[in-house]
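Written below as structure tokens is the structure these notes are about.
Please treat every number below as a calculation from the coordinates, not as lab data. Bear in mind the structure is a predicted one, so any value in this text is a computation, not a measurement. Cβ atoms come from the backbone with ideal geometry, glycine included; neighbour counts cover every protein chain shown.
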Amino acid sequence: MSEETQGPDQEPGSRHPREVFELFGHEAAEAELADSLSGSRSHHAWLITGPKGVGKATLAYRFARRLLGAVPDPWSPLASSTEDIVSRKIAQGSHADLRTATRLDPEKGEIKRDVTVAAIRDLTQFFTMTADGAGGARVGIVDCADDMSSNAANALLKTLEEPPPGGTLILLAHAPGRLLPTLRSRCRMLDLSCLSDEAMAKALPDIDATTRALGAGRPGRARALAALGAAKLYGTLSRHLSGLPRAPLDEALALADACSDADRFHAVFDMMEDWLARAGRAGLGLEISEIEPGESVLLARLAAGAGTDGAAKAWSHVRGVRTKVEALNFDRSLATLEALRAIRADLAPIH
């Protein structure tokens, strides 16, 4: 069954993970999955965790190709030939022995709030069918498992408790603590960490250093930010905040204009919240990651001048503005100006 081109948890501007054959920075997890293929440490259910955009789904589809018999590629332990028929079918979303459960309702073409019980029942029913492949392998992917409704999670438990012959379930989770303990206990867990700066540079040679830094070790997030022109947005935000308490108005208006777009609005608010969090750390004398060279000194100066809780208060106000937009459909451009005013009031008031 063909799947959607744009997955519910797929970062904008990124290829669908089933089409991605490269993986960087997760060598240990890849080696563990590859080792399980020999049967020495096989398991019927895996829970792959980590921040959104770090590569969980890419790893899951990489594993699925090999489980379903794709020809190995010597490039790495879990790599497969891109020309293999299994690889091509999975990339096209048409492999009969691979099924996914996501927030997408395939009948209505709508993205639901949760991974529904209907989606999970479709997955569990799939495991009762006879596999098309000669080896009898079938693979189910839940993306993301922490989006399952309570009924859906309970529906999945039976399959986890009574694993089908030849079947492998791969659950992906941004926040595994939201999953039922009984569900977590039946899975073998792999936790993916954010990539190092070196791994990010290797994974994203076509993306500028500022955008890679904003991605914070998550290649998928960095690619999404690149599609939004994040380096330019951050430069505008940085110039504005660097001028506190008398921050230039032109930059504020430019940000407000950019934030009329929903994706850019959320990207800029992510940047504001991260900037304030790093300011708070710098004000306490802690080491911070710099997006632009020399930020540590500026952030420490502003945070120190605002007192011990200035950055924290500003962060809370920015988050409150964001929540108002999401809950009340408040104008995004006006909300951006309101957030910038809140930062100035809390971090660098004009006396």
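FRET efficiency for the pair Leu37 and Ser150, taken as 1/(1 + (r/R0)^6) with r the Cβ-Cβ distance and R0 = 35 Å, rounds to 0.55.
For a straight C-alpha distance cut-off of 26 angstrom, the lysines reachable from Lys313 (same-chain residues fewer than eight places away being disregarded) are Lys324.
Assign unit charges at the C-beta atoms only (+1 for Lys and Arg, -1 for Asp and Glu), then state the dipole size of segment 269-351 relative to its Cα centre in Debye, rounded to the nearest 20. Kindly include the intermediate steps, with their values, before the conclusion.
Numbers: 10 positive and 12 negative charges, 59 e Å.
That gives a dipole near 280 debye.
Computed per residue of the chain from DSSP H runs no shorter than four, each worth -39500 (n - 2.57), the mean residue ellipticity at 222 nm is -14500 deg cm²/dmol. With a simple spin-label model that places each label point 7 Å from the Cα along the Cα-to-Cβ direction, the separation between Lys232 and Lys202 comes to 3.2 nm.
Local charge for Asp346 was computed over the other residues whose Cβ lies under 10 Å away, with Lys and Arg +1 and Asp and Glu -1, and equals +2. Amide H contacts under 5 Å for Ser80: Asp73, restricted to partners 5 or more places along the chain or on a different chain, H placed in the peptide plane at 1.01 Å from N.
Within a straight-line Cα-Cα reach of under 26 Å, Lys56 can be paired with the following lysines, leaving aside sequence neighbours fewer than 8 residues apart in one chain: Lys89, Lys112, Lys158, Lys202.
Spin-label pair Glu107-Gln92: with each label point 7 Å from Cα along the Cα-Cβ axis, the two points sit 2.7 nm from one another.
Multiply the residue gap between Leu249 and Met189 by 0.36 nm, knock off their C-alpha separation, and tell me the result in nm, one decimal place. Write down the numbers at each step before the final one.
On the way: separation 60, 0.36 × 60 = 21.60 nm, distance 4.93 nm.
Extra length from Leu249 to Met189 when fully extended: 16.7 nm.
Protection proxy ranking, highest mean first, for peptides 155-165, 272-282: 272-282, 155-165, where packing is the per-residue count of other beta-carbon atoms within 10 Å, averaged. Between the amide H of Asp191 and those of Thr49, distances stay under 5 Å, these residues lying 5 or more places away or on another chain, with hydrogens modeled in the peptide plane. Full extension of the chain between Glu19 and Thr82 yields a length gain of 21.7 nm, computed as 0.36 nm times the residue separation minus the alpha carbon distance. Kirkwood analysis of segment 12-97, using all unique Cα-Cα pairs, places the hydrodynamic radius at 13.3 Å.
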